Amino acid sequence: MTDYYIPEAPDTRTWVIHPEIKNDQDRREPVAALAEAVALAEALPGLDIVGSEVVRLPKRHPGMLFGTGKIEELKQRLKSNETELVLIDGHLSPVQQRNLEKEWKVKILDRTGLILEIFGDRAATREGVLQVEMAALNYQRGRLVRAWTHLERQRGGLGFVGGPGETQIEADRRAIDEQLVRLRRQLDKVVKTRALHRASRAKVPFPIVALVGYTNAGKSTLFNRLTGAEVMAKDMLFATLDPTMRRVVLPTGDEVILSDTVGFISDLPTELVAAFRATLEEVLDADLVLHVRDIGHPQTAEQAREVESILSSLGLPEDTPQIEVWNKIDALEPEGREASLERAARTENVSAVSAITGEGMDALLTEVSRALGGAKHAEDLVVPFAAGRKRAWLFEQGLVEADVPTEDGHRMTVRWSATQKARFDRL
């Protein structure tokens, strides 16, 4: 049998544009915003970034976003660089997208479409895949782009960028709606199963500690360092999408469940905030949130505000304790590193660490134990004979100092933390 060599398709030649619009309320620092947009593009396989630029605009033009002169100037630049795909780092209306594609004779993708494509390429769990597909369908419903045939493909990703079927321009809306109904039914089943798993975990008497942070802040590297797991950890935006949970033993001997979650990003598409709400519910159920920051990033303060804003919009209870984890101190210059360490030491609920070298890990775990009510106190209680499971759990946790049977049940003296007491009450 003869083996035929099938050459791989060349990467799509891609140009990245960040439109900086004067007096835009959501305006971000343009150079940093463009760098992030390029990093987003690099996170998607199959793209060859041949150029990138900031385009300054006095206002949005409703038909094409850019003015006539800028349209022509960019057209020549794209043509001379043989560009096949243009990524606009911002929101495009369906009309603007169609008009730009017609004018420039290239495929156009806005920020929402790109992030959806990355999520589609990375989603691993059944729930994640379903949520991405639903978000993509809702996004594409009003657009004259490939709208739903990607659901039949075998490889990851959503196919906005290329692949079979890309010549199909107009999707049948009724087919999209029928597919959405089918996906909702499937997702309802998955969400119910997840809720059952979450309910069963709630009975497990271990606190949940959730890692959150801006994408590429180093959450997965930190997760791997603390748990010894092998979660995908790359210097890449959105390296982790689906939450992963592992057990960690604190210096006090207490155990916690550590949860790694999807990274947040500025201008996160509303479609995805809604679509991934169930995934992010892991954070809402957490006993403690570790907000991981890349402390050396030039926009670290802005990124932190974005994370806090998204947590607030998700409905994170205000009384959920949080610790800021200033990560990547190993990447700082010696002077900046010392300053960050000193500032972290003076600031409450802040730990400076390096997930790469392991520096600061013991101090972080001690801080986690403290935040979870690590200080233990003795307490006398009577456990009824019928509550055998509760009594067994107290012994399993090594909390029992005395156990005397009485007519009403077991009179016990236990030494525990506030968190362990709360877990006991939930059993």
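Data for the structure
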item: Scope the range 376-402; condition farther than 22 Å from ALA418 by Cβ and either in a loop (DSSP other than H, G, I, E, B) or assigned by TED's automatic domain parsing to the domain that holds ASP294 (or both); matching residues; result: PRO384, PHE385, ALA386
item: Selection within the range 59-106 - loosely packed, with under 15 Cβ neighbours inside 10 Å and among the hydroxyl-bearing types (Ser, Thr, Tyr); result: THR68, SER80
item: Filter result for LEU237 (modelled with pLDDT of 75 or more and in contact with a helix residue (DSSP H, G or I) (Cβ under 6 Å, 6 or more places away or on another chain)); result: no
item: Pairs where the first residue, in the range 88-101, is under 13 Å from PRO19 (Cβ atoms) and the second is buried (at least 21 other Cβ atoms within 10 Å of the Cβ) and acidic (Asp, Glu), C-beta under 7 Å, 6+ apart; result: ILE88/ASP110; GLY90/ASP110; HIS91/ASP110; LEU92/ASP110
item: Every pair of residues 6+ apart whose Cβ atoms lie under 8 Å, when the first sits in the range 50-76 and is closer than 27 Å to ASP11 by Cα while the second is among the basic types (Lys, Arg); result: VAL50/ARG13; GLY51/ARG77; VAL55/LYS70
item: Positions within the range 395-427 being in contact with a Phe, Trp or Tyr (Cβ under 9 Å, 6 or more places away or on another chain) and modelled with pLDDT of 90 or more, in sequence order; result: ASP403, PRO405, GLY409, HIS410, VAL414
item: Residue list for the range 108-121, filter: closer than 18 Å to THR12 by Cβ and surrounded by 21 or more Cβ atoms within 10 Å (Cβ to Cβ); result: ILE108, LEU109, ASP110, ARG111, GLY113, LEU114, ILE115, LEU116, GLU117, ILE118, GLY120
item: Selection count where residues are acidic (Asp, Glu) and touching a strand residue (DSSP E or B) at 6+ places or on another chain (Cβ under 7 Å), scope the range 67-107; result: 4
item: Tally of residues being out of contact with any helix residue (DSSP H, G or I) (no Cβ under 8 Å at 6 or more places or on another chain) and surrounded by 12 or more Cβ atoms within 10 Å (Cβ to Cβ) across the range 377-387; result: 4
item: Every residue from the range 317-375 that is buried (at least 16 other Cβ atoms within 10 Å of the Cβ), outside any helix (DSSP H, G or I) and in contact (Cβ under 8 Å) with a residue 60 or more places away in the chain; result: VAL325, ASN327, LYS328, VAL353, ALA355, ILE356, LEU372, GLY374
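The values are calculated or read from the model by the stated rules, or taken from the named source; none is laboratory data. Quick caveat, the model's predicted, so the values are computed rather than measured. Reconstructed Cβ throughout: ideal geometry from the backbone, glycine too, with neighbour counts over all protein chains shown.
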